[in-house]
Each structure stands twice: as structure tokens, then as C-alpha cells.
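Only one structure is covered here, and it is reproduced in the block below.
Taken together, the values in this text are just the output of simple stated rules run on the coordinates, not laboratory data. Keep in mind that what you see is a predicted model, and the values were worked out from it rather than measured. No Cβ is skipped: glycine too gets one built from the backbone with ideal geometry, and neighbour counts run over all protein chains shown.
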Amino acid sequence: MPIDPRRLLARPFAPIEHAYAQRDSQIYALGLGLGSDPLDAGQLRYVYEGRDGRSLRAMPTMANVLAYPGFWAREPDTGITWQQLLHAEQEIRLHDLLPASGRVTGTNRVSGLWDRGAGKGAFLQQTRDIRDAATGRPLATVVQLSLLRGDGGFGTGGSGGAPPPAHPMPEGEPDQVCDLATPAQLALIYRLSGDLNPLHADPAVAAAAGFKRPILHGMALMGVAAHAVLRTILAYDDTRFAGMRVRFTAPAWPGDTLRTEMWTRGGTVSLRVTALERGAVVLDHARVDLR
């Protein structure tokens, strides 16, 4: 049965309240590989609370896991062929610094739906607004673009126009390059932040999906790229990190060495990430917006 675009665009989502502690922020950062150098004061800001117990910082990309609505595409009322859903892009916009602990509220909505035609799938965009639960202060907006490979051909009823175009990449050699090694257990740590998809932990599930081993979460890959920018360009000053958008182009494996190439043009850092051992470009047409 094809999806009903009007019903999907109007689908209601209950607000999600999410309380988290410093320990959650630390586990999230460890799931991106921070702390690999215990003498690096920049990395320690995100994994150690400090002698005063109040020095911990939250990684900017932690917005991806706050008040997360879960894999709602599996619900019967959506009509989505969820087995053929592919995560295509992810974007975060930061309106304020994320606290290392707190209580937030997230409201999710389907913000776009574009038909590519029968047999070609459709693009679905969802947007989540994250606010401080006590004050209502906006903290972040998270935008996710998914390719519904099995749900094209519904015709009218979707969104007008077209999905957001890819971020254009500069020509020439990058201005900076950062290589970050990832430990083999990285996906097993990252999943403790809430994404329990067995594709990232169970070798049998990965094999059934056509992979020789469990793959790294796309959100973890995004976080590693954010770490590269914080380390190389911002000297771990996350107050200058205003947003990030990435396009997923190939799976990364836990244990890959990830090379982030960076081109800085004004307040935008364009990114491309390659898994060095395999020569695979795993993130492309990506950017970080600076304050």
C-alpha cells in the first residue's frame, strides 16, 4: 500500500521530555572517541567533570540524541516501508550552548515529503525542536532527511519544491586535514547513548544486511567529524560551533582511521571524511557553521 502523503505530513507526535546527567554527556563523548589521549586538555573537557565537578562541556552534536523520538517509521500508521529507509542527511542548528546536564523537551514533525517517482523512492524530512524544559529556551533544531526507497510514486499531496540542495564543496586542496583513529569498540560505546539498532552491534544482523561486520552509527560518524573541526580549527572552543550538516555517502567501520578534510570560507567550514584504510568517502557535501 502506498503512503498517504497528506496523512504523513500531518502526523502528530507527542512531546518528549528527556532528563540527562553529566554521565550521559561523558558517555556520548566517549562514543565519539574523545578521551583517546588522556593528556589532551581539549578532549578532557568533554569526558571529565573537573575537580570542581562543574567543568564538563557537552559536545555540540549531542543535540542529535536529546529528546530523540525513536524509529517511528516502523509504526503501522505511517505506511512507510521502513526496511528500505536510508538515512541520507543530518543537520543541527544550535541556538544556545547545550548544558552538560539538564532536562529538555523535544517536539518532532514531518517537515517535508518529496516524491521521486515510482521505483525511485521519496525523500522525507523531519524536524525536531529542542528546548529547555523549565524555561522554554530554544537550544537546538535537528533536521533529518531520509530516503524512502520503497515508497515513491504517490504523486500529489507531498511538499512543494524540492529537498534542500547539497552543500557545494570548494575546489582545490583542503586548508586543514585531521586524522582520527577510531577504536574497534566505538559503536558498542556509542549505542549506549540511545541508538540500540543491532546493525551496529550484532555480527549476524550486519551480515543479513549485507555487511561483513557491524557498522558505525551515522550519528557517531558525524560526531567524529565535529571533533575534527573542534580540534583543528576551534581549539576546542565549542562556543563558536553554530551548526552542522552532513550527507552520508558510505558506511564507516569501527576501527577506521577517519580523515577529515576542511576548507574554511568565511564562517563556513566545508568537510569531506574518508575512511583511509579503504579509501571510502563516508561523509561528503558537509559543513560546520561558525559564530
Taking only pairs six or more apart or across chains, which ones have beta-carbon atoms under 6 Å, a first residue in the range 142-156 that is assigned to a loop (DSSP other than H, G, I, E, B), and a second residue that is basic (K, R)?
-> G152/R116; G152/K120
Going through the range 156-183 one residue at a time, which ones are surrounded by fewer than 16 Cβ atoms within 10 Å (Cβ to Cβ) and in contact with a Pro (Cβ under 6 Å, 6 or more places away or on another chain)?
-> G157
Within the range 1-42, which residues are in contact with a His (Cβ under 9 Å, 6 or more places away or on another chain) and either over 19 Å from M219 (Cβ atoms) or of a type in the set (A, V, I, L, M) (or both)?
-> A29, L32, L34
Some residue of the range 184-201 being surrounded by fewer than 15 Cβ atoms within 10 Å (Cβ to Cβ), part of a strand (DSSP E or B) and at negative phi = no
Residue check for V269: under 15 Å from the mean Cα position of the chain (by Cα) and either under 23 Å from A140 (Cβ atoms) or of a type in the set (G, A, S) (or both) = no
Restricted to the range 39-57 and to residues being aliphatic (A, V, I, L, M) and surrounded by fewer than 20 Cβ atoms within 10 Å (Cβ to Cβ), the residue farthest from S101 (Cα to Cα) is L39
Scanning the range 158-215 for residues that are under 30 Å from V110 (Cα atoms) and among the polar types (S, T, N, Q), the one nearest to the chain's Cα centre (by Cα) turns out to be S193
Just checking, which of A201, A208 is farther than 16 Å from L180 by Cα, touching a Pro at 6+ places or on another chain (Cβ under 6 Å), small (G, A, S) and free of Cβ contacts under 8 Å to residues at least 24 places away in the same chain?
-> A201
Working only within the range 1-38, note down all residues that are within 30 Å of A118 (Cα to Cα) and within 20 Å of the chain's Cα centre (by Cα).
-> none
Considering only the range 34-67, state which residues are among the charged types (D, E, K, R) and in contact (Cβ under 8 Å) with a residue 24 or more places away in the chain.
-> R45, E49, R57
Could you please tell me which pairs satisfy a Cβ distance under 9 Å, a separation of 6+ or placement on different chains, a first residue in the range 110-125 that is of a type in the set (S, T, Y), and a second residue that is assigned to a loop (DSSP other than H, G, I, E, B) and surrounded by 20 or more Cβ atoms within 10 Å (Cβ to Cβ)?
-> none
Output the residue which, of all residues in the range 38-82 that are hydroxyl-bearing (S, T, Y) and in a helix (DSSP H, G or I), is farthest from Q26 (Cα to Cα).
-> T78
